[in-house]
Amino acid sequence: MNYNAFFNQSISKLKSEGRYRIFAELERHAGNFPHATHYGGSAKDEITVWCSNDYLGMGQNPHVIAAMKEAIDRCGSGSGGTRNISGTTHDHVILETELATLHRTEASLLFTSGYVANEAALTALAANIPGCVVLSDELNHASMIAGIRHSGAKKCIFKHNDVNDLENCLKHINPAQPKIIVFESVYSMDGDIAPIEAFCDLAEKYNAMTYLDEVHAVGMYGPRGAGVAERDGQMGRISVIQGTLAKAFGVVGGYIAGNSALIDFVRSYANEFIFTTSLPPSIAAAAAASVRYVRKYGASDRVRHQERASKLKQMLSDAGLSVMPSTSHIVPVMVGNPLICKQITDDLLARYNIYVQPINYPTVQRGKERLRLTPTPFHSDQEMNELVTALSEIWSRLNIKTAA
């Protein structure tokens, strides 16, 4: 076999389908979010970022930056290995305590990313609980799907956010058999939110555990920023809360939170934790500072964040653009064609110095290609006007069908 020919043909296929992903070379400006410098060949342009998951700009927060610098001076750059071999640093302990405090759980456990946290925890739980059956929302993230698949456990996929379909799955499982209901709070591509209370009611009725992915909600919902489960008064009913430190908290890493026995079980059985070098102390220190800040002082940013998202949705709708219904801070704009989707984002960057990445298959279904806009508390009215004007001009120039 000609391996390079195979690789090149595969890449050519992606390009012909409009699914080849090109990384924009950016340099963010400390203290000046959401602005950045775009390096395009020999040229440099100042741009506005409209698709960052640093939802609250905490990656630019001076308290977070200072904590990272102080930890580097104190501990150096790396952790030295896995926590089992090289030891758990003091900063890991502080961060896990902060996360448990945030979610009002007995314990938490750090991972190198949210993806790894999902894959590791779901694999460890579903593979080792005898006869476990996993009930998974059909739109769950790839990391959750990977964890369920790797566990080898039996599974039932229920229709997205469909309480009746979930109960139908539960009815066909032996009442004595262990079960885990796995779902997200905020679904990051459509921007809709799970019926957490109804899912928890079913979990109690059928004696199932609940596993809730809050990665697109921690920091941004609830009076203390613990997520949608806190906002809805359901946090104490969740068996496992999974979150990330890489979005609203502005750093990197993932975690799970729950009772001490469950956390100790995952710590002891998850290969992804046991055999992976731990986060550097500087990352843990920065994340702890961010979690603490968002919990204590983030209420006004959360209010502003929701106001910005709501206003942008209204502006897009008023302009006749195909903004999708969303009950969260995610603002999806439907395009429905991968080639056009990429053309739109290319035009935004080249003509208007606005950075948005196209969202294509396999992130979303074919024919559901879209822009995914993420307004933050720091996007101004002027910047929103510039974005909507640019999109309106591109829609007209490319003769894209507008909303009815």
The range 83-239 - charge dipole about Cα centre, Lys and Arg +1 at Cβ, Asp and Glu -1, debye rounded to 20: 500 debye
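Provide the three semi-axes, in whole Å and in decreasing order, of the ellipsoid equivalent to the range 8-58 as defined by the square roots of 5 times the Cα gyration tensor eigenvalues.
The three semi-axes for the range 8-58 are 28, 15, 7 Å.
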Subset of LYS313/LYS342; LYS171/LYS296; LYS69/LYS368 violating a 31 Å alpha-carbon distance limit: LYS171/LYS296; LYS69/LYS368
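Within the accessible area of the range 141-233, what % is carbon and sulfur when the probe is 1.4 Å and the other protein chains stay in place?
Carbon with sulfur: 50 percent of the solvent-accessible area.
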Paired Rg and Dmax values of the range 85-188, which use every Cα atom, in angstrom: 15.7, 48
Rounded accessible area of PHE6 (nearest 10 Å², 1.4 Å probe): 100 Å²
Sulfur and carbon atoms: percent of accessible area, the range 365-404 [1.4 Å]: 46 percent
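What accessible area per residue, rounded to a whole number of Å², is obtained for the range 196-301 using a probe radius of 1.4 Å? Please list the in-between numbers first.
Numbers: 3510 Å² over 106 residues.
Result: 33 Å² of accessible area for each residue.
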Net dipole in debye of the range 1-82 [+1 Lys, Arg Cβ; -1 Asp, Glu Cβ; about Cα centre; nearest 20]: 320 debye
Length gained when the stretch PHE6-ILE72 is fully extended (0.36 nm per residue, less Cα-Cα span): 19.3 nm
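Express the C-alpha Rg of the range 117-240 as a ratio against the empirical globular expectation 2.2 N^0.38 Å, rounded to two decimals.
The value comes to 0.98.
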Ordering of 147-154, 361-368 by packing [mean C-beta count within 10 Å, highest first]: 147-154, 361-368
Furthest towards positive pole of dipole, GLY254, SER317, SER282, structure part the range 187-325, Cβ charges: SER282
The range 285-344: C-alpha gyration tensor shape, a/c 1.5 cut-off, then a/b vs b/c: oblate
Charge-dipole axis of the chain as Lys and Arg at +1 and Asp and Glu at -1 on Cβ define it, positive-most pick from SER188, ALA117, GLN177: GLN177
Rounded percent of accessible protein surface that carbon and sulfur make up, the range 44-115, 1.4 Å probe: 55 percent
Scattering profile of the range 1-107 at q = 0.11, 0.21 Å⁻¹ [log10 I(q)/I(0), Debye over alpha-carbon scatterers]: -0.71, -1.13
Cα centre as origin, Lys/Arg/Asp/Glu Cβ charges: the chain dipole, Debye: 480 debye
Fraction of the pair-distance distribution of the range 227-371 above 24 Å, Cα-Cα pairs, percent: 54 percent
Per residue Cα convex hull volume in Å³ - calculated over the range 323-404: 105 Å³
Bins of 10 Å from zero: percent of alpha-carbon pairs in the chain: 5, 21, 29, 27, 15, 3, 0
Solvent-accessible area per residue, Å², over the range 56-133 with all protein chains present [probe radius 1.4 Å]: 42 Å²
Distance between the range 214-246 and the range 333-404 - C-alpha centres, whole angstrom: 29 Å
Aspartates and glutamates whose Cα lies under 16 Å from that of LYS311, excluding same-chain neighbours fewer than 8 positions away: ASP301, ASP381, GLU383, GLU386
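Taking every pair of alpha-carbon atoms in the range 174-305, give the share separated by more than 27 Å as a whole percent.
Looking at the range 174-305, the distances longer than 27 Å represent 23 percent of pairs.
Hey, any idea what Rg/Rh is for the range 92-146, computing Rh the Kirkwood way over Cα pairs?
My calculation puts Rg/Rh at 1.03.
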Label point distance in nm, TYR361-PHE23, each placed 7 Å from Cα along Cα→Cβ: 2.5 nm
Sites VAL93 and SER300, calculated FRET efficiency, Cβ-Cβ separation with R0 25 Å, nearest 0.05: 0.25
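The values are calculated or read from the model by the stated rules, or taken from the named source; none is laboratory data. What you are looking at is a predicted structure, and each value in this text was computed from that prediction instead of being measured. Quick reminder, even Gly has a Cβ in these numbers, built from the backbone with ideal geometry, and neighbours come from all protein chains shown. Ligands, DNA and RNA are excluded from the accessible area calculation, which covers all protein heavy atoms including side chains. Shrake-Rupley method; radii C 1.70, N 1.55, O 1.52, S 1.80 Å.
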